[in-house]
């Protein structure tokens, strides 16, 4: 009986370290996901705001300033802070005009490690 117990203990040696490593990795992944989620949610609000502006107004006659002010009003209402209106640009390709909203968000993860999330959104300016 004693031989069986000692062989089982020999097989389990070091399992506490691998378990701790797995717990630390899962905690790091979960922390990163929880810190990055607000950036993606804010981008979703920006996309919905631009879709709403395009749906409710005739964006073809809007100037870039009017588009920016309408977007910023919606973002202020939804409590989205830190967005720069200069990221909204009108781009012409051929005979079509698009509204591009390209920006990046830096999110501090741990001590001196940051994640950079790049968002590139394009909307037709009918």
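The values are calculated or read from the model by the stated rules, or taken from the named source; none is laboratory data. Worth saying up front: this structure is predicted, and the values here are computed from it rather than measured. Glycine also receives a Cβ, built like all others from the backbone with ideal geometry; neighbour counts cover every protein chain displayed.
Condition check ((1) touching a strand residue (DSSP E or B) at 6+ places or on another chain (Cβ under 8 Å); (2) free of Cβ contacts under 8 Å to residues at least 60 places away in the same chain; (3) surrounded by 10 or more Cβ atoms within 10 Å (Cβ to Cβ); (4) part of a strand (DSSP E or B)) across all residues:
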position: 90; (1), (2), (3), (4): yes, yes, yes, yes
position: 97; (1), (2), (3), (4): yes, yes, yes, yes
position: 100; (1), (2), (3), (4): yes, yes, yes, yes
position: 117; (1), (2), (3), (4): yes, no, yes, yes
position: 126; (1), (2), (3), (4): no, no, yes, no
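None of 37, 27 is in a helix (DSSP H, G or I), at pLDDT 85 or above and either in contact with a strand residue (DSSP E or B) (Cβ under 6 Å, 6 or more places away or on another chain) or surrounded by 11 or more Cβ atoms within 10 Å (Cβ to Cβ) (or both) except 37.
Please go through region 51-61 and give me each residue that is surrounded by 13 or more Cβ atoms within 10 Å (Cβ to Cβ) and either within 12 Å of residue 98 (Cα to Cα) or at pLDDT 90 or above (or both), ordered by number.
Taking region 51-61 first, the residues surrounded by 13 or more Cβ atoms within 10 Å (Cβ to Cβ) are 52-54, 57, 59.
Matches in region 51-61: 54, 59.
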